[in-house]
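The values are calculated or read from the model by the stated rules, or taken from the named source; none is laboratory data. From a predicted model like this one, the values you see are computed outputs, not experimental measurements. Here the Cβ positions follow ideal geometry from the backbone for every residue, glycine too, while neighbour counts run over all protein chains shown. Each accessible area value is taken on the protein alone, full model and side chains, heavy atoms only, with ligands, DNA and RNA left out. Shrake-Rupley method; radii C 1.70, N 1.55, O 1.52, S 1.80 Å.
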Amino acid sequence: MSGSYLEASARNRILGLLDPGSFVEFLGPTARVTSPHLPELDMPVAFDDGVAVGEGKIGGRTVLIAAQEGKFMGGAVGEVHGAKLTGLLERAIDIKPAAVLLLFDTGGVRLQEANAGLIAVGEIQRAVLAARHAGVPVIALVGGRNGCYGGTSIVARTCDWIIGSEEGRLSISGPEVIETVEGAEEFDSQDRALVWRTMGVKHRRLIGDIDRVVADDIDAFRAAAQDYFGKSRPLTLDALNAEQEFLASRLKRFEDCRDAREIWARLGVNESGRVPDLDPEQFENLASSCAVRRP
């Protein structure tokens, strides 16, 4: 099913990615497993707690898949939401699918659930690493309206692969959080160009945080995801040390840069100001020649 990934709901993203008729949902809305915390705050619940999880096929190969519904509490992770994601990843260890696809569309932890949400994110991250250790590739997809922020950005970064569209963003702290703490003179959250060139997928691709940028199209995400089926990054002490060395080297290389455009120029991008105008194919051609390479 082609169409905008950005505009689609969580379940439509899943149905568009999977082979027709192959999706089997676990703990769907009819199960009515809802947050135990929100009613105590007189807040509405969602019968799926804002995330759809299940099993299906892509190109005939079995995958596990989860999609956050960004329209419910900004896709934020609470206790039940997190438990569904953790359970899905634990199932991957048992059935060894071609991959686990995590469709992030979230501002991070659900503040209304405080510690329960934080614990949930920690459990998700541990489950991601356990699935990877078992040899199951975990692929993050980032292209929703809420981006991928907070604790879930850490989870995404621990996945084997990250695929995003230009509309996506990836950052530990959101624009409003930075502005509140540091002031608008440090980071103006209303400056959309600044936000996207700092936290957007294109910038993250150029500095080695994201593996592929695709068009805002469900079919494009589907095609890109299949390229990583059955392919895991090593999860060893040597790999961890290499990742740490990569991050330290990157920080040293760009620590005096005050804007993403300075980083792009240092990477050898000619006319760095044109980066936001490049379509995905043009951008990927550029990135293949100058992007920082993740270990």
Rounded to the nearest 20 debye, dipole of segment 143-295 from Cβ charges on Lys, Arg, Asp, Glu: 500
Calculated Rg and Dmax of segment 1-129 using C-alpha coordinates, Å: 14.3, 44
For Pro137, net neighbour charge (Lys/Arg +1, Asp/Glu -1) across residues whose Cβ lies under 13 Å away: +2
With eigenvalues of the C-alpha gyration tensor scaled by 5 and rooted, the chain, Å: 29, 23, 19
FRET efficiency, Glu185 to Leu247 (Cβ-Cβ, R0 25 Å, nearest 0.05): 0.35
Links that overshoot a 30 Å alpha carbon limit, given the list Lys96/Lys252; Lys202/Lys252; Lys57/Lys84: Lys96/Lys252
Computed over segment 55-182, Cα set: Rg, Dmax in Å: 14.2, 50
Amide H partners (placed H, <5 Å) of Val77, local residues excluded: Gly108, Val109, Arg110
Globularity index of segment 94-142, i.e. its alpha-carbon radius of gyration over 2.2 N^0.38 Å: 1.30
Solvent-accessible surface (1.4 angstrom probe) belonging to His81, in square angstrom, nearest 10: 0
Per residue accessible area in Å² of segment 199-277, where ligands, DNA and RNA are left out and the probe is 1.4 Å: 53
Karplus-derived 3J(HN,Hα), 6.51/-1.76/1.60, for each residue of segment 262-267, Hz, glycine and proline x: 5, 5, 4, 5, 5, 6
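Do the sum for the chain: with -39,500 (n - 2.57) for every DSSP H run of n ≥ 4, divided by all residues, what is the mean residue ellipticity at 222 nm, to the nearest 500 deg cm²/dmol?
One gets -12000 deg cm²/dmol as the mean residue ellipticity at 222 nm.
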Loop sites in segment 1-73: trypsin sites (Lys or Arg not before Pro), DSSP, at most 15 other Cβ within 10 Å: Arg32, Lys71
Rg to Rh, two decimals, where segment 120-196 supplies the alpha carbon set and Rh follows Kirkwood: 1.07
Segment 148-229: C-alpha pair distances exceeding 19 Å, %: 40
For a label point 7 Å along the Cα-to-beta-carbon line of Arg258, residues of segment 173-208 with backbone N under 19 Å: 179, 182-199
